[in-house]
Amino acid sequence: MIHFYIVRHGETAGNVSQLIQGITNSQLNARGRKQALALGRGLRASGLMIDRVVASDLLRAQETAQQILLGMQVKLAIETDKGLREENDGVFEGRSLKDVSQEVFGVPDYHILVRSGKMPLEAIPDGIHAADATNQAENTQQVVSRYDFAMRRIVTGAEAANETNVLVVSHGTASLLWLRAHGGDLPNRTELTNA
């Protein structure tokens, strides 16, 4: 049986500034590197042995994987998979959460609606997709389907190599959408904490 350890990337300047990062290729900040290193040290202390590491191709996920492995004191190759990316937010990439929340959903912070149960998490990418005149933003089904194909590729590789424990370093919304689509009991969650 394969066990997946799905981790959100460490903190970035965009997280601190509350920007919609989506597929923007941002780096970890100092705190993000410390978070990932601490997670790696915690995994090492737990005795968990990781057989494979797969990260989104975005820099913040790759840097997180590197810091986790450093903390674990393990030397493994980090595979990348574009399918593990965060959702593409089209014209809303790089804009403030506050501005996008107001423009798309008519509220100051859509996370509050999701946490309160007044709006499902799936409404976020669907609303952004509908509001993107360029039609570049992904809807929930597109995100889940893309992530699902990536996870199937990872399973195939792990099975072929007889690997048991796989660390997947990805992004908050995409990971939550995929977990919820596959029965993960994560009610009213809008995000995973960084690393």
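Consider the stretch 71-130 and keep the residues that are farther than 18 Å from Gln141 by Cα, acidic (Asp, Glu) and at pLDDT 95 or above. The one that is farthest from the chain's Cα centre (by Cα) is Glu103. Checking the conditions here, which among Val7, Val16 is in contact (Cβ under 8 Å) with a residue 24 or more places away in the chain and either among the β-branched types (Val, Ile, Thr) or more than 22 Å from Ala131 (Cβ to Cβ) (or both)? Val7 is the lone residue from the list that is in contact (Cβ under 8 Å) with a residue 24 or more places away in the chain and either among the β-branched types (Val, Ile, Thr) or more than 22 Å from Ala131 (Cβ to Cβ) (or both). Inclusion of Glu79 among residues that are among the acidic types (Asp, Glu) and in a helix (DSSP H, G or I) is not warranted.
For the stretch 138-167, filtering for residues that are farther than 19 Å from Tyr5 by Cβ, in contact with a helix residue (DSSP H, G or I) (Cβ under 9 Å, 6 or more places away or on another chain) and of a type in the set (A, V, I, L, M) leaves 2. Screening the candidates Gln66, Gln21, Gln102, Gln35 for the property of being in contact (Cβ under 8 Å) with a residue 12 or more places away in the chain and closer than 22 Å to Asn135 by Cβ yields one hit, Gln21. Which ones in the stretch 113-135 are surrounded by 13 or more Cβ atoms within 10 Å (Cβ to Cβ), in a loop (DSSP other than H, G, I, E, B) and of a type outside the set (A, V, I, L, M, F, W, C)? Within the stretch 113-135, Pro120, Glu122, Asp132 qualify.
The values are calculated or read from the model by the stated rules, or taken from the named source; none is laboratory data. These figures come from a predicted structure and were not determined experimentally. Cβ: placed from backbone, ideal geometry, glycine included. Neighbour counts: every protein chain shown.
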